[in-house]
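Colleague: This structure is in C-alpha cells; I'll ask about it shortly.
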C-alpha cells in the first residue's frame, strides 16, 4: 500500500506531498509554539526530508532560536503566512511538518508532548504518551518510527 498525503497553505500558493508516515507526531507546549500557532500548543509531524516534496510555490524561510537554545529554519507561505514546516539545527534530515496544513488530518495522533511546563493549565494530556517538561536532550524520539 502506498502512503501519500497532500497539503498546503491557507491561500493555496504552497502545495506539497509526503510519501511516508511520520516518524513521530508531537505536540509542543512552549510559549513560542503557542505564539506561532495562535493556540495552546504547536504540533509537528516529523518526516524524513527526502519524503517531503513541494508541488507548487516557493516558501520563504527565517531562522528562529527556541527556548532550548537551538536554531531552526522555519518555512512559510510568503502570501498568507501559513507555517508549512521547520527544520531543527542538527537534524536537517528531518522536515517537521505543521500537520494542520495536511488536507486530511483525521489520522494524526501526537504520541509525545514536550515543554509541558508551559502548557496551559486546562490542557489535558492523554495517558500513555511520552511527556517532557522541557526539550529532551536525547532527541532519538524524533527519528524512531512509530508503530502503524
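Colleague: Given the conditions (1) at pLDDT 90 or above; (2) under 16 Å from residue 18 (Cβ atoms), which single one is not true for residue 146?
Modeller: (1)
Colleague: Follow-up. For region 9-28, give me each residue that is in a loop (DSSP other than H, G, I, E, B) and more than 12 Å from the chain's Cα centre (by Cα). Talk me through it step by step, then tell me what you get.
Modeller: Taking region 9-28 as the starting set, the residues that turn out to be in a loop (DSSP other than H, G, I, E, B) are 9-14, 19-23.
Across region 9-28, the qualifying residues are 9, 10, 11, 12, 13, 14, 19, 20, 21.
Colleague: Considering region 1-16 alone, what residues qualify as being surrounded by fewer than 16 Cβ atoms within 10 Å (Cβ to Cβ), touching a strand residue (DSSP E or B) at 6+ places or on another chain (Cβ under 7 Å) and within 25 Å of residue 79 (Cβ to Cβ)?
Modeller: 6 - this is the single residue of region 1-16 that is surrounded by fewer than 16 Cβ atoms within 10 Å (Cβ to Cβ), touching a strand residue (DSSP E or B) at 6+ places or on another chain (Cβ under 7 Å) and within 25 Å of residue 79 (Cβ to Cβ).
Colleague: Next up: Here are the criteria: (1) farther than 28 Å from residue 134 by Cα; (2) in a strand (DSSP E or B). Tell me which single one residue 85 does not satisfy.
Modeller: It fails just one condition, (1).
Colleague: Yes or no: residue 110 closer than 19 Å to residue 29 by Cβ, modelled with pLDDT of 90 or more and surrounded by 13 or more Cβ atoms within 10 Å (Cβ to Cβ)? I'd like the intermediate steps shown before the answer.
Modeller: Numbers: closer than 19 Å to residue 29 by Cβ: yes; modelled with pLDDT of 90 or more: yes; surrounded by 13 or more Cβ atoms within 10 Å (Cβ to Cβ): yes.
Here the answer is yes, as residue 110 does meet what is asked.
Colleague: Name the residue that is farthest from residue 36 (Cα to Cα), counting only residues in region 49-81 that are surrounded by fewer than 16 Cβ atoms within 10 Å (Cβ to Cβ) and under 14 Å from the mean Cα position of the chain (by Cα).
Modeller: Restricting to residues being surrounded by fewer than 16 Cβ atoms within 10 Å (Cβ to Cβ) and under 14 Å from the mean Cα position of the chain (by Cα), the top hit is 49.
The values are calculated or read from the model by the stated rules, or taken from the named source; none is laboratory data. Everything quoted here is computed from the prediction, not taken from an experiment. Backbone-built Cβ (ideal geometry, glycine too); neighbour counts: all protein chains shown.
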